[in-house]
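The values are calculated or read from the model by the stated rules, or taken from the named source; none is laboratory data. As the structure is a computational prediction, the values presented were derived from the model and not from experiment. Here the Cβ is made from the backbone with ideal geometry for all residues, glycine too, and neighbour counts use every protein chain on show.
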Amino acid sequence: MTDDKKQSGSRIIIDKLNFAEWQKFKELRLRAIREDPQAFITPYAKEIQTTNEKWQERLKNYQGENAIMFFAKDDKNLVGMIGTYWNDKNDSEITAHIFGVYVNKKYRGQKIGKALMKKVLQYIRERKNIHLVNLRVNVEDKAPFHLYESVGFVEIGRTKIKTSDGTIHNKILMEMRI
């Protein structure tokens, strides 16, 4: 199932990525870390050294039993992504973790982030044993924070995390009951 949206004359589709397109995932992730290093833990210098086999394995894992990644695509390129994973220990209440949220700068302000978030939350809701979703957002990243609030996340605390740009950033911890 896909969500279509007209954006600046092009159609944006939110869907999983075909495994054969792993290089597009690699390019998008590297761009995300370069553009928004404060939002990612792995430094660009380390991520650029990741082997192609590891990129392929990573994408495969993001389409496994306990994880999923969705991408925003225009006619030719990936322009955004969002992922979630959870530990399925046959618990009665499992927590899903949102990660890797990114929209290409030239596509921001077009509600692509919201479309990605709605898609991943829909997917999480379909898993009957997941009842809590959490994420972290940089204190300085006001637009993502407001996006997360708008879909129902609430702030539950704050922490400090060393991110990919090598500095310590204040992060807001947010969660949502499903």
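Filter the stretch 126-178 down to residues that are hydrophobic (A, V, I, L, M, F, W, C), under 29 Å from R34 (Cβ atoms) and assigned to a strand (DSSP E or B), then give me how many there are. Break it down stepwise before answering.
From the stretch 126-178, those hydrophobic (A, V, I, L, M, F, W, C) are 130, 132-133, 135, 137, 139, 143, 145, 147, 151, 153-154, 156, 161, 168, 172-174, 176, 178; that's our starting set.
Then keep just the ones that are under 29 Å from R34 (Cβ atoms); that gives 133, 135, 137, 139, 143, 145, 147, 151, 153, 161, 168, 172-174.
In the following step, the residues that additionally are assigned to a strand (DSSP E or B) were identified as 133, 135, 137, 161, 168, 172-174.
The number of residues fulfilling the criteria is 8.
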Inset, instruction - Only one of these is surrounded by fewer than 13 Cβ atoms within 10 Å (Cβ to Cβ) and more than 25 Å from R31 (Cβ to Cβ): G152, G157, G166. Name it. - result: G157
Inset, instruction - Inspect the stretch 117-126 for any residue being acidic (D, E) and modelled with pLDDT of 95 or more and give the result as yes or no. - result: no
Inset, instruction - Just give me the residues in the stretch 36-48 being over 15 Å from the mean Cα position of the chain (by Cα) and either of a type in the set (S, T, Y) or closer than 17 Å to R108 by Cβ (or both), in sequence order. - result: Y44
Inset, instruction - Kindly indicate the residue of the stretch 17-31 that is surrounded by 15 or more Cβ atoms within 10 Å (Cβ to Cβ) and modelled with pLDDT of 95 or more and also farthest from Y107 (Cα to Cα) among those meeting that condition. - result: W22
